[in-house]
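So the structure is just underneath, and the comments pick up after that.
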Amino acid sequence: MNTEEPVYHKHIFVCTNQRKEGAARLSCGEAHGLELVSAFKEHLKNKPAELRVRAQKAGCLDICDFGPTVAVYPDGVFYVNVQPEDVPEIVHEHILNNRPVQRLLLTRSSTKLQ
Ligand code: FES
């Protein structure tokens, strides 16, 4: 790896934030964020050795109302309402073949982000 290459070809951030009990907003951690991290790690075990990918826990990505939320960089793609059964498709389509999974994408029109 030379210094101009990214450390990771794909870096997957899975929100595992967990708010205090009784908080007004739901958080991704309560909605299986840690389960998603494990699923990504499991499904990445058979990736090509030359593809540098990391999946890890992340704090709140501030898209809580649409969680569980997953971000993939350097693409800047955000997935929302991700379920464990969606992980194989994200890995196969996006991580291995650079085709983001359209049905799970966060769109600006679905949030207050402008
Ligand atoms: S708690 Fe997951 S995005 Fe905020």
> Can you give the net charge of the other residues whose Cβ lies under 12 Å from the Cβ of residue 37, counting K and R as +1 and D and E as -1?
Replying inline: +1
> Summing Lys, Arg as +1 and Asp, Glu as -1, what charge do residues with Cβ under 14 Å from the Cβ of residue 67 carry, residue 67 excluded?
Replying inline: -2
> What is the dipole size for region 10-110, taken about its Cα centre, with +1 at each Lys and Arg Cβ and -1 at each Asp and Glu Cβ, in debye to the nearest 20?
Replying inline: 300
>> Expected output is a single nm value to one decimal: the length gained when fully extending between residue 89 and residue 4, i.e. 0.36 nm times separation in residues minus the C-alpha distance. What is it?
In response: 27.6 nm
> Mind checking the angle between helix 33-43 and the chain's longest principal axis? C-alpha axes, 0 to 90 degrees, to the nearest 10.
Replying inline: 20
> In 10 Å bins starting at 0, how do the alpha-carbon pair distances of region 10-110 split up by percent?
Replying inline: 16, 52, 26, 6, 0
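Kindly state, to the nearest 0.05, the FRET efficiency for residue 75 paired with residue 38, given R0 = 25 Å and r defined as their beta-carbon distance.
Between residue 75 and residue 38 the formula returns 0.65.
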>> If R₀ is 22 angstrom, what is the calculated FRET efficiency for the pair residue 62 and residue 19, using the beta carbon separation as r and rounding to 0.05?
In response: 0.95
>> Student exercise: in the chain, how many lysine pairs 8 or more apart or on different chains have Cα atoms under 15 Å apart?
In response: 5
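Values in this text are rule-based calculations from the coordinates and carry no lab data. Keep in mind the model is a prediction, meaning the values are calculated, not measured. We place every Cβ from the backbone using ideal geometry, glycine too, and count neighbours over all the protein chains shown.
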